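The values are calculated or read from the model by the stated rules, or taken from the named source; none is laboratory data. Treat the numbers as computed from the prediction; the structure is a model and nothing was measured. Glycine gets a Cβ as well: all are built from the backbone with ideal geometry, and neighbour counts include every protein chain shown. Ligands, DNA and RNA are excluded from the accessible area calculation, which covers all protein heavy atoms including side chains. Shrake-Rupley method; radii C 1.70, N 1.55, O 1.52, S 1.80 Å.
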Amino acid sequence: MQKPSVPRGTRDFGPEQMSKRLFLLETIRQTFRRYGFQPIETPALENLSVLMGKYGEEGDQLLFKILNSGDFANGLTQADWQENARKLTLKISEKGLRYDLTVPFARYVVMNRHALAMPFKRYQIQPVWRADRPQKGRYREFVQCDADVVGTDSLLCEAEIVLMLHESLRNLGIQDFTVKINNRKILTGISEVVGAEGQEGPLAVAIDKLDKIGKEKVVEELKQRGFSDESIEKLEPMFQFSNETQAAFAQLKTWLAGSEVGLKGVAELEEVWSLVGQYGLADARIQLDVTLARGLSYYTGAIFEVKANGVQIGSISGGGRYDNLTGAFGMPGLSGVGISLGVDRIYDVMEELKLFPETGLQSTQVLVVHLDAEGRSVGLPLLSQLRAHNISAEAYPDAAKVKKQLDYANAKRIPYVVLIGSEEIQTGQLTLKNMVTGEQQKLAADQIVEKLRQEAALL
RNA sequence: GAGGAUGUAGCUCAGUUGGUUAGAGCGCCAGAUUGUGGUUCUGGAGGUCGCGGGUUCGAGACCCGUCUUUCUCCCCA
């Protein structure tokens, strides 16, 4: 006999975890709804042709690929097996598990372009899979909550994303977080003014680590990546930004004066800041972070990342604007912007900060305890009556001692039990017991329903 | 994908330079109490020491492989 196990990086969720996860999911979902986003779902499986090449070279490696059904080796020659893994993969696998929700969404938009009212705002809450190496806060199967708007390049969308992030996290009880914002155009501008056009990719990757490894190591890495001493010298202003946002904007405008793209990026960000102010967002936790790059190659405008402060868990949300995501599927020129929240990481953050509310753990409101068949015949209609009033109620299915039944109520944290024995049947007065205080009172069935109904209304 | 750490009862962990039958607390089950739980007392069940090889008279301990979890790099939610 073998010990059962789940695949590396995947997990089961028990009832206690699920009640927390559902609370989390529901809170985020309601925020998305409130901002006018509509739900969609897409298959867990996508054709590899949809997924490949959308996440950079490394992304392709992180895709879970599915072996073709049937005799996948049919028609393969010896030469095929000798070929490199990438080419062989394409011959034996044509489907993969989705890596994120954005690319499937882009596919969906292209396939349904004639039916969608533009701008189209959708939210999508589904698991994604990455063949990554698992660590704390990093799983191979995890749930993302995405909200995207396509069909408009209005910066109002960026501002609303900022608002939704604040609203979601605050409704969950996460107060100490930072929404870092940058703009890809600024990174492009920087690469221009330092004389390294087209090199913003490697530049961004190095600069992204600034807060982690410090200026000297970043300079070192840039040298290794082939940046000239002159470029690195011109990069100096990068390390001297003001903590004050408006001052930093001014610095950026001076520095990027020679780059049209760069200045546009600054102007876009200023507009976002201004709009967030107009919405009246109180105590905005937004921070201009010029070092924020993010790996995904398809971002073209704003870039978002959210970090929960005080915990050692990676970013809990990320997103940005992409001008041409649907271009790969034959529909160019459609601009979109979106955000993705990582449920599993937010869960870990909340668990670590002990932010889950105590309530919500209890599943059943009342347990009907019967002592014999006669008691059960009184208990069953009571159960129906309770449930008809939307009170979650259950009976212990087996004929068991009172002790055992009360133990069961305790184990499930059921706050009330109704005891029905010969005495209760004779008088018609059932015993309602409060399991928290231990108090008992004799009440008629109707009175019990009424009392528990009021009790439930208070929750 | 590269390197390091980890794994003993359901849970948290002891286990001496390798030495007889691997322990504790909590939890679980039963009884004290055949209609009253969460307190107390008594008793009980539960371990292929992650898995597979090897060294040894003898391995939970040492060596190799493998899997899990975890840390750093990379990347990300």
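Just the accessible area per residue of the range A:362-458, please: how many Å² with a 1.4 Å probe?
For the range A:362-458, the per-residue accessible area is 56 Å².
Quick one: what are the phi-derived ³J(HN,Hα) couplings along the range A:445-451, Karplus 6.51/-1.76/1.60 with θ = phi - 60°, whole Hz, x for glycine and proline?
Going residue by residue, I get 3, 4, 5, 5, 4, 4, 5 Hz, with x marking Gly and Pro.
Taking the Cβ of residue A:315 as the center, what net charge do the other residues with Cβ under 10 Å away carry, scoring Lys and Arg +1 and Asp and Glu -1?
+3
Full extension from residue A:83 to residue A:225: what is 0.36 nm times the residue separation minus their Cα-Cα distance, to one decimal in nm?
48.1 nm
Would you mind telling me the share, in percent, of accessible area of the range A:207-322 contributed by carbon and sulfur at probe 1.4 angstrom?
47
Could you compute the FRET efficiency for residue A:215 and residue A:67, with r as their C-beta to C-beta distance and R0 at 41 Å, rounded to 0.05?
With R0 = 41 Å, the Cβ-Cβ based efficiency is 0.30.
For the range A:362-458, which whole-number percentage of the solvent-accessible area (1.4 Å probe, protein heavy atoms only) is attributable to carbon and sulfur atoms?
That share works out to 49 percent.
Any idea how far apart residue A:392 and residue A:373 come out in nm if each label point goes 7 Å out from Cα toward Cβ?
Spacing of the two 7 Å Cα→Cβ label points: 3.2 nm.
How high is the FRET efficiency from residue A:112 to residue A:440, r the C-beta distance, R0 45 Å, rounded to 0.05? Walk me through the numbers before you get to the answer.
Working: r = 60 Å, r/R0 = 1.34.
For residue A:112 and residue A:440, the calculated efficiency is 0.15.
For every other residue with a beta carbon closer than 14 angstrom to the beta carbon of residue A:392, add +1 if it is Lys or Arg and -1 if Asp or Glu, then tell me the sum.
Result for the local shell: +2.
To check you understand DSSP bridge types, tell me what percent of the beta bridges within the range A:362-458 (both residues inside) are antiparallel, rounded to 5.
The answer is about 50 percent antiparallel.
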